[in-house]
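In what follows, a single structure is set out as structure tokens and then discussed.
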Amino acid sequence: MPEASLLASILCGSSCADFGKNRMALLPSRHDNKFVITHVRRAFSILALATALPAADAVAPLDFNLYMQGKYVYERNCIVCHGQRGDGNGEMSPTLKPRPRSFREGMFKFRTTPLGALPTDDDLRRTIRGGLSGTAMGMFSHLSDEEIDAVITYVKSFSRRWRKPENHAQPVNLLPPPDWFTDPAQVETHAQSGRKLFATHCAACHGEKADGKGPAALALKDVWGFPAAPSDLRQPHLRCGGTPADIFRVLATGLNGTAMVSFDKTLTEAQRWDIIAFLLGIRLPSGPVLGASTAEK
């Protein structure tokens with residue numbers, strides 16, 4: 001039995017005949033035994049570290065077969081932007097703005113967990129399925145649930161932060177929009193309060209007009225050393241999502257790796273909803289709908 005197949009058989013608990021049934025067999029044929037052995041040993045090292053964690057730790061042990069399936073999904077859908085090493089330096093990255101995310105630091109912006117914590121798997125699924133507006137991160141709706149679970153497992157292998165229980169946290173409590181959002185008159189009243197709160201807490205970065213042109217905007221950088229221009233919050237499609245609940249989530253959790261902090265301890269929930277009412281009131285209209293009449297526009 002060739003050495004690569006022998007290693008795979010030992011690690012997967014399968015015979016050489018059964019090996020082809022695993023997604024591991026989907027590695028491109030151009031890889032020789034030495035290449036395969038290197039990656040199998042790398043995965044085995046990760047598996048050994050994960051299974052060595054105390055039983056009380058919240059970090060689940062690595063599913064090796066899922067990891068290898070995730071590698072296959074990653075190489076066919078993600079590598080061109082995020083790079084072979086998950087460092088954001090894929091073939092297309094120099095032409096993209098913003099640049100693709102590097103997974104090696106374990107920093108993820110869009111989460112339901114507290115500032116500084118890793119995202120949940122559901123957070124990652126939401127980004128993979130829904131994409132990120134205004135970026136090259138599209139909607140990977142063609143991937144099955146199993147494929148998404150697999151690629152999440154593989155992405156986690158790029159950063160050691162995933163192996164440390166202290167970096168994990170439960171999602172914060174995110175309440176639905178208050179009932180007054182259905183009453184335009186009340187929304188306007190709350191928006192007036194929100195305008196004042198925005199000027200005090202947000203305008204330094206996002207600007208008085210919420211156009212992303214505050215006095216501090218040009219000096220802002222992210223943890224990767226790239227300019228981190230504040231969002232134009234008037235846009236109808238924000239990167240975090242366009243619903244009031246999406247905006248509330250960012251105000252509660254912040255954006256890891258950027259100057260956008262959590263306002264969970266600074267503003268009350270009521271104050272955050274007031275700011276959202278203000279932002280909804282200044283939102284620019286979406287682009288024209290194909291086939292719409294002038295009156296409808």
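Here are a few things to note about the model shown:
- The numbered conditions (1) buried (at least 16 other Cβ atoms within 10 Å of the Cβ); (2) more than 16 Å from Pro165 (Cα to Cα); (3) among the hydrophobic types (A, V, I, L, M, F, W, C); (4) modelled with pLDDT of 95 or more are all true for Val80 except (1).
- Scope the stretch 89-126; condition assigned to a loop (DSSP other than H, G, I, E, B), farther than 20 Å from Thr153 by Cβ and of a type in the set (S, T, N, Q); matching residues: Asn89
- Of all the residues in the stretch 263-297, those that are out of contact with any Cys (no Cβ under 8 Å at 6 or more places or on another chain), modelled with pLDDT of 95 or more and open to solvent by less than 30 Å² (accessible area, probe 1.4 Å) number 9.
- Selection status of Arg99, within 27 Å of Asp222 (Cβ to Cβ) and modelled with pLDDT under 95: yes
- Selected residue (criterion: farthest from Gly70 (Cα to Cα)) from residues of the stretch 127-147 that are assigned to a helix (DSSP H, G or I) and under 13 Å from the mean Cα position of the chain (by Cα): Gly130
- Count - residues of the stretch 171-194 that are under 15 Å from Leu280 (Cα atoms), outside any helix (DSSP H, G or I) and open to solvent by 50 Å² or more (accessible area, probe 1.4 Å): 2
- Matching residues, the stretch 107-122, being crowded, with 20+ Cβ neighbours inside 10 Å and either more than 20 Å from Arg249 (Cβ to Cβ) or more than 11 Å from the chain's Cα centre (by Cα) (or both): Ala117
- Of Lys164, Lys209, Lys213, all but one fail to be over 30 Å from Glu105 (Cα atoms) and open to solvent by 60 Å² or more (accessible area, probe 1.4 Å); the exception is Lys209.
- Residues of the stretch 105-141 that turn out to be touching a helix residue (DSSP H, G or I) at 6+ places or on another chain (Cβ under 9 Å) and either over 23 Å from Pro236 (Cβ atoms) or touching a residue at least 24 places away in the same chain (Cβ under 8 Å) (or both), as a count: 22
- Within the set Leu218, Leu197, the sole residue that is in a helix (DSSP H, G or I) and open to solvent by less than 30 Å² (accessible area, probe 1.4 Å) turns out to be Leu197.
The values are calculated or read from the model by the stated rules, or taken from the named source; none is laboratory data. As the structure is a computational prediction, the values presented were derived from the model and not from experiment. Here the Cβ is made from the backbone with ideal geometry for all residues, glycine too, and neighbour counts use every protein chain on show. Areas reflect the complete protein model, heavy atoms only, side chains present, ligands, DNA and RNA absent. Shrake-Rupley method; radii C 1.70, N 1.55, O 1.52, S 1.80 Å.
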